[in-house]
Structure formats: structure tokens, C-alpha cells
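See structure below.
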Amino acid sequence: MIPRTARTVLGLFTVAVLASACSLSGGDTGGSASSEQQEPTLTLVTHDSFVVPQEVLDAFHRQSGITLKILKSGDAGALTNKLVLTKGNPIGDVAYGVDNTFASRALGEGVFQSYTSPEADRGPQRYAVDTQHRLSAVDVGDVCVNVDTGYFAAKGIPAPTSYDELAEPQYKDLMVAESPATASPGLAFLLGTIAKYGENGWQDYWNRLKANGLKIDSGWEEAYTKDFSGSSGKGPRPIVVSYASSPAAELGEDGKPRTKALLDTCFRQVEYAGVLTGSKHVPEAQKVVDFLLSQQFQTTVAANMYVYPTRTGVELPAGWANAAPLPTASATMPADKIQAGREKWIGAWRSLMGA
């Protein structure tokens with residue numbers, strides 16, 4: 001199994017749920033106007049990696065009477081762009097997957113409306129980015145450098161452990177990363193290096209990585225599943241930019257991970273949900289946000305999307321404590337600073353890397 005595989009699936013699909021007769025007050029399952037009013041269909045706009053067990057959606061339908069139509073719209077950046085471009089005529093009622101690297105743009109464009117979920121004080125409030133409570137934190141998916149531990153053991157050389165070591169000659173031509181212009185983890189890694197080396201030092205660091213043979217791919221799937229030696233693709237490079245949770249998907253027959261996240265290279269990535277401005281079903285849309293923060297949904301995110309739940313007290317899958325512990329000291333950056341510098345930094349990175 002490969003982390004966050006659903007990022008490659010695009011398109012629109014409807015979650016069709018059959019409710020029992022007892023759940024319908026009138027017992028009429030036809031297409032009457034009253035039935036439509038009783039059971040609204042809402043569109044949840046998500047990133048490509050959205051996965052939830054059908055039985056969990058079925059239970060939500062029975063509890064709420066709401067049918068969810070899921071519209072997958074690319075990664076965090078593509079999703080945010082689409083929401084901004086369609087804000088005058090929104091393509092859904094709720095959006096999930098805008099992360100902290102793009103949240104300030106969506107908020108600045110008025111994409112989301114205020115709503116404080118009763119579930120928000122059970123953990124998500126720790127990651128609040130907006131005093132108007134327009135976004136609620138659903139999951140944490142820190143981006144970190146991962147290494148193929150078996151590769152380095154076989155070569156008899158120590159695996160790198162820090163940013164600086166990645167640029168050392170013994171790791172020449174061994175690393176692959178994603179472009180920050182086209183991939184969310186690539187942007188998170190760039191922001192991590194800016195947080196580490198500062199405005200005056202990050203370009204020098206990237207020059208060192210470039211001189212050391214760093215390969216840049218357009219997206220996570222190509223980098224992780226094709227170029228990285230520690231994944232199913234068994235590529236040629238044993239160092240990759242991925243997620244802190246990725247080793248949980250690379251367990252050997254002995255139950256131990258074949259890869260390792262370098263926790264000193266992590267950048268905190270938080271994904272949010274909110275009610276879209278212009279939704280015609282605001283009370284129902286608020287229930288969808290409640291659902292995404294609920295124990296019922298939060299218990300599914302680690303096993304299905306390889307991210308960490310924001311809700312406290314949610315048990316992680318067996319083995320995660322050793323294979324994929326949540327980093328405790330990941331780099332962060334204020335949302336307004338990201339908004340102010342993102343395009344400038346990406347432009348400078350393009351010029352530096354010739355990308």
C-alpha cells in the first residue's frame with residue numbers, strides 16, 4: 001500500500017446511499033418535492049486523496065438525511081485555485097483539503113463563511129488560522145524527507161539525518177523532491193528550508209542541493225512511486241520528500257518499516273474544511289463540517305489517507321507509534337507570511353533551479 005494514493009483519481013462521483021424506510025418520515029422514496037427537501041444533496045469539494053469507507057458515509061446519511069456528492073479537484077493548490085475562481089458561483093457547499101500553505105489565499109478571497117463547529121474544541125482548535133472561524137482543521141500531514149534505510153545499510157554508509165547532510169557529497173544523485181510550483185509537498189519542503197535558513201540563506205542551500213544532483217519531479221506520485229527506492233516502484237534514489245506517515249505504508253514481513261522519516265526536516269501541513277460562501281444549504285453544510293471533525297470520521301483518516309487526525313483521543317493504527325510518530329517539532333510559518341511570500345519564493349526557486 002502506498003500513502004495517499006488517491007491523489008491520482010480525478011472526477012466527480014456521487015455517494016449513493018439507500019436509507020431504510022424508517023428513516024424517512026413520509027416513507028416516500030420517490031422524486032417528489034417534499035422528498036427533495038427532506039433529503040438534500042450537498043457537494044463536498046475535496047483534494048484528490050479524499051477516501052472514506054462507504055459504511056461511514058452510510059451512517060452519516062442515516063443520521064443526517066444528507067447525501068454527499070464528492071467533487072475531487074486536484075491537490076491543495078489546484079483545489080484552492082478552483083475555489084477562488086468559482087467563488088461567485090460556488091461549485092459546492094463544503095470544501096475540504098485547503099492546507100495551511102494556501103489557507104490565507106482562500107480566506108483573503110472570501111471563499112469560506114464563518115462557522116464554529118461544536119466539535120472544534122476537541123482538538124482542531126489547536127490549528128486555528130482564522131479569528132472568524134471560517135476554517136476547521138481536519139487532519140495533519142507533516143511533510144518530511146524520507147530515506148530507504150535498507151539501501152544505506154546495504155551500502156554501508158549512514159543515512160542522512162538533517163538538512164545540511166542532504167547536501168553532502170556522499171549523497172550526490174540520491175535525492176528526489178517535488179516542484180513547489182506544482183506539488184503541495186514540494187511547496188511544504190521549500191517553506192521548511194526557508195524557515196530553517198531564512199530569507200538570506202535558503203537559496204544558497206538550494207544551490208548546494210542542485211550541485212549535489214537533486215532531481216525534481218512534478219508531483220508526489222512520480223517522486224515516491226517511481227524514483228524512490230523504498231517504495232513499490234523501487235526507483236534509483238533512496239532519499240525523497242514525502243510525509244511523516246509514509247513509513248507506515250512500507251512495513252516489511254517482520255512488521256518493521258523499511259523507510260524512515262527524518263523528523264528534523266518536517267514542515268507542518270494542516271488540512272482544513274469550511275462552508276463555502278454562497279452555499280444554498282448552509283445548515284446542512286455545517287453538519288458536514290461537524291461530520292469531518294467527528295470521532296466517526298476522524299478514526300478513518302490515518303488508515304485511509306495516511307494523515308493524522310486533529311481530534312484528540314483518536315487511536316492510530318497499530319504500528320504507527322513506531323513507524324510513523326507524529327513529529328513534535330515540525331517547522332511552521334504564519335499563514336499571512338506564506339501568503340505574502342509564496343509566489344515570490346516560487347519564482348525565485350524557478351529561476352535558481354531552471355525549472
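Return the total of residues in the stretch 111-140 being open to solvent by 70 Å² or more (accessible area, probe 1.4 Å) and either charged (D, E, K, R) or without any contact (Cβ under 8 Å) to a residue 60 or more places away in the chain (or both). Steps first, please.
Taking the stretch 111-140 first, the residues open to solvent by 70 Å² or more (accessible area, probe 1.4 Å) are 116, 118, 121-122, 125-126, 131-133.
Now restrict to residues that are either charged (D, E, K, R) or without any contact (Cβ under 8 Å) to a residue 60 or more places away in the chain (or both): 116, 121-122, 125-126, 131-133.
Going through the stretch 111-140 one residue at a time, the tally reaches 8.
The rows are residues; the columns are (1) in a loop (DSSP other than H, G, I, E, B); (2) more than 18 Å from the chain's Cα centre (by Cα); (3) among the small types (Gly, Ala, Ser).
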site: Gly278; (1), (2), (3): yes, yes, yes
site: Gln286; (1), (2), (3): no, yes, no
site: Arg311; (1), (2), (3): yes, no, no
site: Ala321; (1), (2), (3): no, yes, yes
site: Ile338; (1), (2), (3): no, no, no
site: Trp349; (1), (2), (3): no, yes, no
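Pull up the stretch 237-283, narrow it to residues that are open to solvent by 50 Å² or more (accessible area, probe 1.4 Å) and touching a strand residue (DSSP E or B) at 6+ places or on another chain (Cβ under 8 Å), then point me to the one that is nearest to Tyr171 (Cα to Cα). Filtering the stretch 237-283 for residues that are open to solvent by 50 Å² or more (accessible area, probe 1.4 Å) and touching a strand residue (DSSP E or B) at 6+ places or on another chain (Cβ under 8 Å), the one nearest to Tyr171 (Cα to Cα) comes out as Lys260. Open to solvent by 10 Å² or more (accessible area, probe 1.4 Å) and in a loop (DSSP other than H, G, I, E, B) - does that describe any residue in the stretch 189-199? Among the residues of the stretch 189-199, at least one is open to solvent by 10 Å² or more (accessible area, probe 1.4 Å) and in a loop (DSSP other than H, G, I, E, B), which makes the answer yes. If the condition is being open to solvent by 20 Å² or more (accessible area, probe 1.4 Å), part of a strand (DSSP E or B) and aliphatic (A, V, I, L, M), then the stretch 66-96 contributes only Leu71. Do we find a residue being farther than 18 Å from Val282 by Cα, among the small types (Gly, Ala, Ser) and modelled with pLDDT of 90 or more anywhere in the stretch 59-69? Yes: the stretch 59-69 contains one or more residues that are farther than 18 Å from Val282 by Cα, among the small types (Gly, Ala, Ser) and modelled with pLDDT of 90 or more.
Annotation: Ala303 fulfils all but one of (1) at pLDDT below 95; (2) within 17 Å of the chain's Cα centre (by Cα); (3) assigned to a loop (DSSP other than H, G, I, E, B); the unmet one is (3).
The values are calculated or read from the model by the stated rules, or taken from the named source; none is laboratory data. Since this is a predicted model, take the numbers as computed values, not measurements. Note: ideal-geometry Cβ built from the backbone for every residue, glycine included; neighbour counts use all protein chains shown. Please note that ligands, DNA and RNA were not included when accessible areas were found on the heavy atoms of the full protein model with its side chains. Shrake-Rupley method; radii C 1.70, N 1.55, O 1.52, S 1.80 Å.
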